[in-house]
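S.K.: I am attaching a structure below and will ask some questions about it afterwards.
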Amino acid sequence: MGRKLLLEHINVPGINTFDVYRQKGGYRSVEKALKTLTPEEVVEEVKKSGLRGRGGAGFPTGMKWGFLAKPEGVPRYLVCNADESEPGTFKDRYLMTYIPHLLIEGMIVGSFALGAKTSYIYVRGEMMPQIRILEKAIAEAKAAGFLGKNILGTGYDLELYVQPGGGAYICGEETALLESLEGKRGNPRIKPPFPAIAGLYGCPTVVNNVESIAAVVPIINDGAEEYAKIGIGRSTGTKLISAGGNVRKPGVYEIDLGLPVEEFLYSDEYCGGIANGKRLKAVVAGGSSVPILPANLFMKTANGEARLMSYESLADGGFVSGTMMGSGGFIAYDEDQCIVRNTWNFTRFYHHESCGQCSPCREGTGWMEKVLHRLEYGHGKMSDMDLLVDVSKKIEGNTICPLGDAAAWPVASAIRHFRDEFEWHVSHAHEATT
Amino acid sequence: MLRVEDTEQTPVNFSTELIAQFADIVSRYPEGRQKSGLLPILHLVQAEYGWLSVPAMDKVAEYLNILPIEVYEVATFYTMYFMRPQGKYVLEVCRTGPCEIVGAGKIMDYIENKLGVKEGEITPDGLFSWRGVECLAACGFGPVLQIGPEYTFYENLTPESVDKLIGDLKAKASN
Ligand SMILES: NC(=O)C1=CN([C@@H]2O[C@H](COP(=O)(O)OP(=O)(O)OC[C@H]3O[C@@H](n4cnc5c(N)ncnc54)[C@H](O)[C@@H]3O)[C@@H](O)[C@H]2O)C=CC1
Ligand SMILES: Cc1cc2nc3c(=O)[nH]c(=O)nc-3n(C[C@H](O)[C@H](O)[C@H](O)COP(=O)(O)O)c2cc1C
Ligand code: SF4
Ligand code: FES
């Protein structure tokens, strides 16, 4: 049985209200941090916990907090990334809908640790209901003295605001998000400088995913050692996994990192197997940007051990036979699904979402979409697969932000692992379209 | 995309209530950073008028003390802002991979047939338009659609639930 650190109280009636959340022990971490710890001690706890960014890149959160520049007289910001748009990922929306105070609580502790006096939660504009939920939660927390001036009489001041996006996947990329928060188009900036040095309005800024910020709450409450006991190796703690596609029980699950993938997929506690008694064909383990794996490669690591849900185990085998944890957007494909069609759909997505700044991404995604479209609709050529791999290689690594890589990997991995299916689309063109 | 004839639309004047909401938004940012309020303000304007006309965008530029082009470039970059009138209810169906494999394409076909208009067109009674959009972060509950300006979600769509939804909206509109 997995521990529930984030979702423990998710089914308690009224947990979305301040009063019930508080009765269940909510906001203890704010009291503990503000009254008994220094900001540096909070950062130290987060470092010791081993928490890694839950937005997809897995960068150690405490280390990032430690990198924050602190020039005299310059404001610092904590910005929560609630843009959640990675196909397959829906955990942040879930968390904000049902237990919004957990995010608010984490934002207060995080802002205190970083010395931020104004913090923002950037929520994708389509999540208007969640924006209302968060605004209500903020008002409740403020009325109870956990936000605003002189919080809990400690002299610490913090204002927290919710900012809506305008509908653009690229605004989940942290520097595009900051541009958007400044009222501009979401064009990613060149890194470095990282936001920790020059972020919002050019000031030192930490951008963290919703789940990363929420995880700070149990880390401060129970202590870093307790948190780090969960998990395996450098994958500590629990992780929210959004399970979708053809699983029997889609939904958001909190797992201990290190859970065997077999158990996650087939046990009734989690996905409950594949829907309609079908067989598993392929898995995208971490959102549409990570390589797709056929079922057999997904279940075992390169040296034949059972694969685990951890950053390291999922990546085992590299691009040859591994994938990535990413944002935890777990998509299962049953035997009836068409990999060519799915790859075309994803590439259409990336082409649509490319911000257009870099020509390899802007042109390359469009080109790949066109070729995949003709393959899917029966006009493909045998040489198209090599062409796709060639275009994907020319995008990878040659762009300002990783959206280019994210568009290249699904294509390259689909052709690597399912080339026969692509070839079938060419040799059976008339059947492929039906 | 902006069209030349769009610039000749009737001028708009924002209500005092709307201006008060703008002021509340701008108060969230440091002095001199009022441009940060652009996206939230455009959402309010669109909720009021159903879309963003050039005169409305010019008025926002004036309010925020920025150039009109700074508003146009933002309004055209983001997919949520409509550059022309829409149906009263815009059904936005997710068409991305995870929803596609649980039947999003069939639901879009069904909506197209039911409403009798193509993607982006408005029904003759002015009530509906529809379009495909990208992943809405509800992938486990697909197919899904959303309807602005409150962006209410409808999950696990079936032809029956689409029928009911459209019927309910028609009834709501005639009341
Ligand atoms: N959750 C979602 O919806 C989506 C998530 N992603 C994920 O995003 C990932 C890529 O994100 P990026 O931010 O481009 O990755 P990144 O590796 O550049 O950065 C990760 C984080 O660490 C920080 N960082 C890294 N090196 C630093 C340094 N030397 N000093 C200070 N801070 C430093 C960055 O500022 C950032 O916050 C992908 O792996 C993908 O899985 C992608 C698309 C959507
Ligand atoms: C194209 C693209 C989209 C992204 N979308 C998101 C997102 O929706 N949510 C998120 O938290 N991180 C997203 N990221 C990752 C962020 O850039 C950044 O790494 C993250 O917000 C840092 O927070 P964390 O360290 O807590 O994970 C995206 C990255 C890229 C390249
Ligand atoms: S890689 Fe694509 S999305 Fe990223 S900055 Fe370049 S063009 Fe924009
Ligand atoms: S793919 Fe439709 S909501 Fe994510």
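S.K.: Quick check: the distance between the Cα centres of the stretch A:70-107 and the stretch A:275-313, to the nearest angstrom?
M.R.: Result: 28 Å between the Cα centres.
S.K.: GNM, chain A, Cα, under 10 Å: largest mean-square fluctuation among A:Leu372, A:Leu200, A:Leu37?
M.R.: A:Leu37
S.K.: Any idea what % of Cα-Cα pairs in the stretch A:295-371 are farther than 21 Å?
M.R.: The answer is 47 percent, as a whole percent.
S.K.: Calculate I(q)/I(0) for the stretch A:353-411 by the Debye formula, one identical point scatterer on each C-alpha and no solvent, and give its log10 at q = 0.14, 0.21 Å⁻¹ to two decimals.
M.R.: Ignoring solvent entirely, the Cα scatterers give -0.35, -0.72.
S.K.: Threshold 20 Å², probe 1.4 Å: give the residues of the stretch A:77-97, in number order, that are less accessible with all protein chains present than with their chain alone.
M.R.: The answer is A:Pro87, A:Gly88, A:Phe90, A:Arg93.
S.K.: So for the stretch A:117-208, Kirkwood radius off the Cα pairs, Stokes-Einstein at 10 °C and 1.306 mPa s: how many µm² s⁻¹?
M.R.: Answer, rounded: 111 µm²/s.
S.K.: Rounded to two decimals, what is the ratio between the C-alpha radius of gyration of the stretch A:8-157 and 2.2 N^0.38 Å? Can you show the working numbers first?
M.R.: Values: Rg = 15.4 Å, N = 150, 2.2 N^0.38 = 14.8 Å.
That works out to 1.04 for the stretch A:8-157.
S.K.: Can you pick out the pairs among A:Lys4/B:Lys106; A:Lys47/A:Lys184; A:Lys70/A:Lys184; A:Lys249/A:Lys370; B:Lys59/B:Lys88 whose Cα atoms lie more than 30 Å from each other? Spell out each step's value before the answer.
M.R.: Working: A:Lys4/B:Lys106 37 Å; A:Lys47/A:Lys184 33 Å; A:Lys70/A:Lys184 26 Å; A:Lys249/A:Lys370 35 Å; B:Lys59/B:Lys88 23 Å.
In this structure, A:Lys4/B:Lys106; A:Lys47/A:Lys184; A:Lys249/A:Lys370 lie more than 30 Å apart at Cα.
S.K.: Given Cα positions, please report Rg to Rh for the stretch B:17-96, the hydrodynamic radius being the Kirkwood one.
M.R.: Rg/Rh: 0.99.
S.K.: Keeping all protein chains in place, calculate the accessible area per residue for chain A (probe 1.4 angstrom), answer in Å².
M.R.: On the way: 15590 Å² over 434 residues.
Spelled out: the 1.4 Å probe surface of chain A, per residue, equals 36 Å².
S.K.: Rounded to the nearest 100 Å², what's the accessible area chains B and A bury against each other, both chains counted, probe 1.4 Å?
M.R.: For chain B against chain A, roughly 3800 Å² becomes buried.
S.K.: So in the stretch A:46-186, what percent of DSSP beta bridges are antiparallel if you round to the nearest 5?
M.R.: Here the share of antiparallel DSSP bridges comes out near 15 percent.
S.K.: Give me the 1.4 Å probe accessible area per residue for chain B, excluding ligands and nucleic acids, in Å².
M.R.: Heavy-atom accessible area per residue stands at 46 Å².
S.K.: Over all directions, what mean area does the Cα convex hull of chain B project, stated in square nanometres?
M.R.: Mean shadow area of the hull around the Cα atoms is 11.5 nm².
S.K.: Over the stretch A:170-309, what percent of the accessible surface lies on carbon and sulfur atoms, probe 1.4 Å?
M.R.: So the carbon and sulfur contribution to the accessible surface is 53 percent.
S.K.: Taking all protein chains as present, what is the carbon and sulfur share of the accessible area of the stretch B:60-114, in % to the nearest whole number, probe 1.4 Å?
M.R.: Of all accessible area on the stretch B:60-114, carbon and sulfur atoms account for 49 percent.
S.K.: Could you give me the ³J(HN,Hα) list for the stretch A:94-102, computed from phi with Karplus coefficients 6.51, -1.76, 1.60 and θ = phi - 60°, whole Hz, x at Gly and Pro?
M.R.: Ordered by residue, 3J(HN,Hα) equals 4, 4, 5, 5, 9, 9, x, 5, 5 Hz.
S.K.: Once you have the alpha carbon radius of gyration of the protein assembly as shown, what is it after dividing by 2.2 N^0.38 Å, with N set to its residue count?
M.R.: 0.95
S.K.: Which parts of the stretch A:311-354, residue by residue, lose 10 Å² or more of accessible area when the rest of the protein chains are there, as against the chain isolated (1.4 Å probe)?
M.R.: With the partner chains in place, the stretch A:311-354 has these residues losing at least 10 Å²: A:Ile331, A:Tyr333, A:Gln337, A:Arg341, A:Asn342, A:Asn345, A:Phe346, A:Arg348, A:Phe349, A:His352, A:Glu353.
S.K.: In addition: Under unit Cβ charges (Lys, Arg +1; Asp, Glu -1), what dipole magnitude, rounded to 20 debye, does chain B have relative to its Cα centre?
M.R.: With Lys and Arg at +1 and Asp and Glu at -1, about 180 debye.
S.K.: Counting Lys and Arg as +1 and Asp and Glu as -1, each charge on the Cβ, what is the dipole of the stretch A:29-114 about the Cα centre in debye, to the nearest 20?
M.R.: The dipole magnitude comes to about 140 debye.
The values are calculated or read from the model by the stated rules, or taken from the named source; none is laboratory data. Fair warning: this is a prediction, and the values are worked out from it, not measured in the lab. In this analysis, Cβ positions are derived from the backbone assuming ideal geometry, glycine residues included, and neighbour counts consider all displayed protein chains. What goes into the accessible areas is simple: the full protein's heavy atoms, side chains included, and nothing from ligands, DNA or RNA. Shrake-Rupley method; radii C 1.70, N 1.55, O 1.52, S 1.80 Å.
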